[in-house]
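Colleague: Pasting a structure here, questions to come.
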Amino acid sequence: MPPSLQTQLSSVIAEIDLTGHADVLRLTVLKKWFKHPGRLRAFGLWVAERAAERGSAATGEAADLFALARAVLLQQPAAGPELGATELLYRRLRAFQNIQNQFTRQQWGPIRIIADHDLMLIEEGLALYLDPLAAPADGYRLAVEDCAHYDSRYGRDLNGPARDKLLALVGFVATREATERGVTAGIETVRQASTG
């Protein structure tokens, strides 16, 4: 039996503890996990919620967008955020990033300058939540964008603050799998009661 995703992510954390960093490609194990129905949407919403919580130091229009994101994402009913409000937030975030969309020329080509990384994470998380055709690779890319950290010793990989983000990801995976087992057990109980 292959190791669970929680075990695989825990081994990435252990590698960071041992060597100081781990390659972002270690997160490719998420692609298979995201194939299960509902997980990709839940992950996108989870990343967006966490990014909304972190955006307290922003100013101007970015501060307004963080306030709106917290209102839509963090003060939601148990069933999830209202779809219309979520779509409106997503469109406003896209418009903000497009207005702020700046590029700088480097010898290897243009590089996009992101106005606010957490706003970009909210935008990309909502894209996964709202898009029924999102692919597991999109979830992997969002996980890398959320967890990866730049350190001059290692480059941009899983190091430093990435460790805490990976611990939170292990918690998300454990919670999601427990919820799925609970739903499956509840369906089986109803099925047995109806046939018995």
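None of the figures in this text is laboratory data; all of them are computed from the coordinates on show. Since this is a predicted model, take the numbers as computed values, not measurements. Cβ coordinates were reconstructed from backbone atoms using ideal geometry, including for glycine residues, and neighbour counts include every protein chain displayed.
Colleague: Can you give the relative contact order of segment 5-195 as a percent, counting alpha carbon pairs under 8 Å and 6+ residues apart?
Modeller: So the answer I get is 30 percent.
Colleague: Hey, another quick one. Write down the Kirkwood hydrodynamic radius of the chain, to one decimal in angstroms, obtained as one divided by the mean of 1/r over all alpha carbon pairs.
Modeller: Result for the chain, one decimal place: 18.4 Å.
Colleague: Find out how many positive minus negative residues lie around R26, taking Lys and Arg as positive, Asp and Glu as negative, among other residues whose Cβ is under 11 Å from that of R26.
Modeller: Summing Lys and Arg as +1 and Asp and Glu as -1 gives -3.
Colleague: With n ≥ 4 as the cut-off for DSSP H runs, can you work out [θ] at 222 nm for the chain, using -39500 (n - 2.57) per run divided by the number of residues, rounded to the nearest 500? Intermediate results must be reported in sequence, preceding the final value.
Modeller: Numbers: 8 runs with 128 residues, N = 196.
Calculated at 222 nm, the ellipticity per residue is -21500 deg cm²/dmol.
Colleague: In addition: Would you tally the net charge around D64, using a Cβ to Cβ cut-off of less than 13 Å, leaving D64 out, and scoring K and R as +1, D and E as -1?
Modeller: Surrounding charge for D64 is 0.
Colleague: Something else now. If you stretched the chain out fully between L167 and E180, how much longer would it get, using 0.36 nm times the residue separation minus the C-alpha to C-alpha distance?
Modeller: Length gained, L167 through E180: 2.7 nm.
Colleague: Which net charge results when you count Lys and Arg as +1 and Asp and Glu as -1 among the other residues whose beta-carbon is under 13 Å from that of A134?
Modeller: So the surrounding residues net to +2.
Colleague: Now, a different point. Pick out which of F43, F66, F96 has the largest mean-square fluctuation in a Gaussian network model of the chain, springs linking Cα atoms closer than 10 Å.
Modeller: So, out of F43, F66, F96, the one fluctuating most is F96.
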